[in-house]
Amino acid sequence: MSKEKKLDIWEEKLEVILKELNSCQNSKNLNSCKPCNEFFECNLRKKYVLAVYESMNKGSGGGFEF
């Protein structure tokens, strides 16, 4: 009796970018972005970091505290 949780727009965006990121990693035979030569310049990784941040704050902007 498991109900699927409906994703909000930020979670959906995160899922899409995560699939793209995983595809990129797979194409380079990597299981992480860290060993990639483009780690700091990668636009896909930057989009992923932004999508994670937005999914955490639900688009409200500003900072968040740990």
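We did not get these values from a lab; they are worked out from the coordinates using the rules stated. Remember, predicted model here, so these are calculated numbers, not experimental data. Ideal geometry is used to build each Cβ from the backbone, glycine not excepted, and the neighbour counts take in all protein chains shown.
Net charge near residue 10, counting Lys/Arg +1 and Asp/Glu -1 over other residues with Cβ under 9 Å of its Cβ? Can you show the working numbers first?
On the way: positive: 13, 58; negative: 8, 11, 12, 54.
Summing Lys/Arg as +1 and Asp/Glu as -1 gives -2.
Could you please report the charge total around residue 27, scoring K, R as +1 and D, E as -1 over all other residues with beta-carbon less than 15 angstrom from its beta-carbon? Walk me through the numbers on the way to the answer.
Numbers: positive: 19, 28, 45; negative: 20, 38.
Here the charged neighbours net out to +1.
Across q = 0.22 Å⁻¹, segment 1-55 modelled as identical point scatterers on its alpha-carbon atoms has Debye log10 I(q)/I(0) values of -0.82, in the order of the q list.
Around residue 40, what is the net charge, scoring Lys/Arg as +1 and Asp/Glu as -1 over all other residues with Cβ under 12 Å from its Cβ? Can you show the working numbers first?
On the way: positive: 34, 45, 46; negative: 38, 41.
Computed value for this residue: +1.
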